[in-house]
Amino acid sequence: MIERIKSILLLFLVSLSLFLTYQLWYGQKPTHLITEDVYERVIAEKPRLLVDIITPAQIIVGTERGHYVLKEGNPDFHSLWGALSQQLQNMKQESVIDGNVSMEGFRNLLVVYFKPVLPVGSDSPWLASAPYSMINQIQLSSQDSDLWLTLSDSDSDSTAKLLIPPDKKELFLQLMAELSSEERILYTVLTADRISGLTNRELEIRASVFVPEEPVYMDILILKPEIVDRDLILKTFFIDYNLARIIEEKDGGLIYTDGERGLRLTNVGLEYSYPRLEEGQATSSYPDALANSSNLISYHGGWPAGLRLEELGLIRQGRTAYYMAEWKMFYQGFPLYVNKPTRALFNDRGLTHYTRALFSVGGILTGGEEKLPVAGWASALKAAIKIFNAEQPGTESVLRLEAMELGYVLTGSAVAFRGEPVWFIKINNYKFYLKADSLDWLSEEEML
Amino acid sequence: MNLGRAKSILIIAFIGLNLFLGYHLFWPDFGRLTSVAVTAEEMRITEAILKNNNYFLEASLDRAIQTSDFLTVSSTSDIQMQIMGRLIEKGALVQEFEGASIYITTGETAVFNSSGLTQILYDSGIFLAEDSINLELSELKSLVEQFINEKELMPEGIVFDYLEKTEAGSMILYYYQVLDNMPIFAGQLKVIIESDNIKAVEIYWLKLIERGPVREMEVISATEALTNLVKGLGPNSEPRMINRIDLGYFSGEYDAEKWEIPPVWRVVLDGQDCYYINAFTGNLEQDSIIPKQLP
């Protein structure tokens, strides 16, 4: 009997030793007591390459009928910019024609405006072998049978002329022919002559403002907020979000904070803040800052179609400096204005502030016959000047028209969002949003 | 050798082997029970860092390894309701100002903030005792506690914290909250005394919604907390005394439905300046990290 017990005990001990050896070999961790500290970068999507970060603010196409304006979200905008971008990437410093080129017989086919500016030369994919410069305008012109590109430097009045190789001409001519054949709304450039007599105050035009010459009809849009994957977005901000505590706000918003940084998630977007990093410097170059901005928006939510980088600037405040990047959504070439823009502030130490509230079109509230007729540009400009005079009496006598375009503003309620067509007019740094049909002023308080 | 004897030898050998394997396998937890979070060497290094930056440790440190978790809390309205009821009975005039309700009666004004903070101001003060500034602390405490009891302002789980004397001659008695046997430094009752009169009482009290043991984690050691505090505050020109270092819970005041509060090491400098080091992250806690509107 005792031998039988010994055998069973021995068998048990052998089995136990095998089990313990297995556990020891493959490692057993008391995970419930020790926080997971493995760092793994979680991102919403891969960042865009530099060639895909910058798109033109507008492309003005000159045809025999007149001017067309193409912006982000317009059909043909990306194919035209894509062809031009590819051409600039393929060109070398040798393509730049030194010396004076006779302007005789030059005919402008299109003008491409950049804001933010396009980095060209070393450290950039465009004209990589050329000296570094920042371009705010590119013109495509024809002269006899040649096609020319004229690049304007944003820091100086200098320009550079490049001759498009004969074998690449066809592509551009074909694109231009396609654009000319389509029915589009004609635009005109505002000049001093065109606005004379509109107002009894002196008005200077400080930007290239193109306004529709023909009747425009716009829809009221049904907008839907971007659905944020809360779990994923949390992981993109907090290395170990076990350490982040949750604050449930009375309005349903959620705040996550680890005591140093905070992330607020609402039903329409998010706000992030890391105040400790504010005391920093921004020493990265403009192309690096562009790449950083792409990284940030791609990591923290992604870069959806229709979203355009509108601004990238270096801001100095006291002893600190930071870059500010701002994005805007576009629908069929019209920008969507919101009260809280999608914006990132960052410096050499990292992301200090980030807000994101993106809306896409979920439907059309008006359509077909019900489309809103848009008031003409002259009436809109006069209405804006009238409001400016009433709101800012006694300001300087010369008015500066800094921007004017059609777009949408986000209005409605927290559960039903609408895109209201507006005229956006900027005079002496004051922004006015006028309802496109009635020209009633929409104050920023009425915007969401 | 017979088979029985061989079995016995093998049994002894395997018992030994299993003990060896078990020790190595469970060593981290055995170690946790037997070792300390702060070794004598770490203690010496911390004291040297403190001394180099002009901080001097007067408090004793808890050297055991400790774990903790988040607490889910909300501000309690029980005390507010009690005070409101009493003031309405006295015929209070009620006003609203920037989200706060203000109840005004003769000689007494109560401000009820939406965050849960209640401030009761006595216009001409309530007499406490002659020469109160020179009273023994125990006597002062006893008089103050008698007052808050009579005024029905005594919340549950109240513990005296410390007394602050200002240069202007006023005194502030601080009490903190104990919830489920844990100090909650965010919950606070403050009694302000000026010229022998109680001028104001402030109450911010929390109620426990949930304790989250699913996220139980090991907290940083007291020495690490002290090192982080010195790093955050920087060196001092004048010597500063570290009087107390306690593990508890703390967070800022939130006008929210409910929120989680983390464990903190609270460090009291010079008897009255409190700093809170997050016991999970080691960060110096600030009042509010809630995202703000971008510039």
**Message:** Condition check: touching a Phe, Trp or Tyr at 6+ places or on another chain (Cβ under 6 Å) and more than 30 Å from A:PRO215 (Cβ to Cβ). Does A:VAL96 satisfy that?
**Reply:** no
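Could you run through the stretch B:268-281 and say how many residues are open to solvent by 10 Å² or more (accessible area, probe 1.4 Å) and at the interface with chain A (Cβ under 10 Å from one of its Cβ atoms)?
3
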**Asked** With respect to A:LEU127, is the statement that it is at pLDDT 85 or above and part of a helix (DSSP H, G or I) true?
**Response** no
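Could you please let me know if A:ASP193 is acidic (Asp, Glu), in the same structural domain as A:LEU270 (by TED's automatic domain parsing) and assigned to a helix (DSSP H, G or I)?
no
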**Request:** Kindly indicate which of A:GLY262, A:GLY280, A:GLY306 is more than 14 Å from chain B (Cβ to nearest Cβ), within 20 Å of A:TYR322 (Cβ to Cβ) and touching a strand residue (DSSP E or B) at 6+ places or on another chain (Cβ under 6 Å).
**Result:** A:GLY280
**Asked** Which of (1) open to solvent by 60 Å² or more (accessible area, probe 1.4 Å); (2) of a type outside the set (Val, Ile, Thr); (3) within 21 Å of the chain's Cα centre (by Cα) does A:GLU104 not meet, given it meets every other one?
**Response** (3)
**Asked** Cβ-Cβ below 8 Å, separation at least six or inter-chain, first residue in the stretch A:255-284 and closer than 17 Å to B:GLY282 by Cβ and assigned to a strand (DSSP E or B), second open to solvent by less than 20 Å² (accessible area, probe 1.4 Å) and at pLDDT 90 or above: which pairs?
**Response** A:THR257/A:ILE247; A:THR257/A:LEU263
**Request:** Can you tell me which residue among B:LEU57, B:LEU71, B:LEU10 is modelled with pLDDT of 90 or more, in contact with a strand residue (DSSP E or B) (Cβ under 7 Å, 6 or more places away or on another chain) and either open to solvent by 50 Å² or more (accessible area, probe 1.4 Å) or at the interface with chain A (Cβ under 10 Å from one of its Cβ atoms) (or both)?
**Result:** B:LEU71
**Prompt:** Which of the following residues is under 21 Å from A:MET329 (Cα atoms) and open to solvent by 40 Å² or more (accessible area, probe 1.4 Å): A:ASP229, A:ASP219, A:ASP251?
**Reply:** A:ASP229
**Prompt:** Which condition breaks for A:SER208 when tested against (1) within 14 Å of chain B (Cβ to nearest Cβ); (2) in a loop (DSSP other than H, G, I, E, B)?
**Reply:** (1)
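Hey, can you tell me all the residues within the stretch A:147-158 that are under 28 Å from the mean Cα position of the chain (by Cα), surrounded by 14 or more Cβ atoms within 10 Å (Cβ to Cβ) and not small (Gly, Ala, Ser)?
Selection gives A:LEU149, A:THR150, A:LEU151, A:ASP153.
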**Complete:** B:GLU210 fails exactly one of (1) within 14 Å of chain A (Cβ to nearest Cβ); (2) buried (at least 17 other Cβ atoms within 10 Å of the Cβ), namely (2)
**Request:** Read through the list (1) at pLDDT 95 or above; (2) more than 25 Å from the chain's Cα centre (by Cα), then give the number of the only condition that A:GLN143 fails.
**Result:** (1)
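Yes or no, residue by residue, for (1) under 15 Å from B:GLU202 (Cα atoms); (2) open to solvent by 30 Å² or more (accessible area, probe 1.4 Å):
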site: B:LEU135; (1), (2): no, yes
site: B:SER142; (1), (2): no, yes
site: B:GLU152; (1), (2): yes, yes
site: B:GLY169; (1), (2): no, yes
site: B:ASP180; (1), (2): no, yes
site: B:PHE185; (1), (2): yes, no
site: B:GLN188; (1), (2): yes, yes
**1 or more residues farther than 24 Å from A:ARG201 by Cβ and open to solvent by 10 Å² or more (accessible area, probe 1.4 Å): qualifying strands (runs of 3 or more DSSP E) within the stretch A:371-448** = A:399-412, A:417-427
**Prompt:** Are any residues in the stretch A:107-146 touching a Gly at 6+ places or on another chain (Cβ under 9 Å) and loosely packed, with under 13 Cβ neighbours inside 10 Å, and if so, which ones?
**Reply:** A:ARG107, A:SER129, A:PRO131, A:ASP144
**Message:** Can you find a residue that is among the hydroxyl-bearing types (Ser, Thr, Tyr), open to solvent by less than 20 Å² (accessible area, probe 1.4 Å) and under 27 Å from B:TYR275 (Cα atoms) anywhere in the stretch B:75-86?
**Reply:** yes
**Request:** Within the stretch A:309-324, count every residue that is crowded, with 21+ Cβ neighbours inside 10 Å and under 30 Å from A:ILE220 (Cβ atoms).
**Result:** 1
**Message:** Only one of A:THR199, A:THR188 is out of contact with any His (no Cβ under 6 Å at 6 or more places or on another chain), open to solvent by 30 Å² or more (accessible area, probe 1.4 Å) and either part of a loop (DSSP other than H, G, I, E, B) or modelled with pLDDT of 90 or more (or both). Can you tell me which?
**Reply:** A:THR199
**Item:** Residue list for the stretch A:297-309, restricted to those being touching a Phe, Trp or Tyr at 6+ places or on another chain (Cβ under 6 Å) and assigned to a helix (DSSP H, G or I)
**Value:** A:ILE297
**Message:** If I filter the stretch B:231-267 down to residues being at the interface with chain A (Cβ under 10 Å from one of its Cβ atoms) and of a type in the set (Val, Ile, Thr), which single residue comes out as nearest to the chain's Cα centre (by Cα)?
**Reply:** B:VAL264
**Matching residues in the stretch A:62-75 - criterion: being under 26 Å from the mean Cα position of the chain (by Cα) and under 13 Å from A:GLU183 (Cβ atoms)** = A:TYR68, A:PRO75
**Complete:** A:ASN242 fails exactly one of (1) within 14 Å of chain B (Cβ to nearest Cβ); (2) open to solvent by less than 10 Å² (accessible area, probe 1.4 Å), namely (2)
**Prompt:** Which residues, taken from the stretch B:236-268, are touching a residue at least 60 places away in the same chain (Cβ under 8 Å) and among the hydrophobic types (A, V, I, L, M, F, W, C)?
**Reply:** B:MET241, B:ILE242, B:ILE245, B:LEU247, B:PHE250, B:ALA256, B:TRP259, B:ILE261, B:VAL264, B:VAL268
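Could you run through the stretch A:235-248 and say how many residues are under 22 Å from B:ASP255 (Cα atoms) and part of a helix (DSSP H, G or I)?
1
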**Item:** Within the stretch A:267-285, considering residues that are surrounded by fewer than 18 Cβ atoms within 10 Å (Cβ to Cβ) and of a type in the set (Ser, Thr, Tyr), the one farthest from A:ARG48 (Cα to Cα)
**Value:** A:THR283
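The values are calculated or read from the model by the stated rules, or taken from the named source; none is laboratory data. None of the values given here were measured: they were computed from a predicted structure. Virtual Cβ from ideal backbone geometry, glycine too; neighbours counted across all protein chains shown. To get the accessible areas, we keep the full protein, side chains included, count just its heavy atoms, and leave off ligands, DNA and RNA. Shrake-Rupley method; radii C 1.70, N 1.55, O 1.52, S 1.80 Å.
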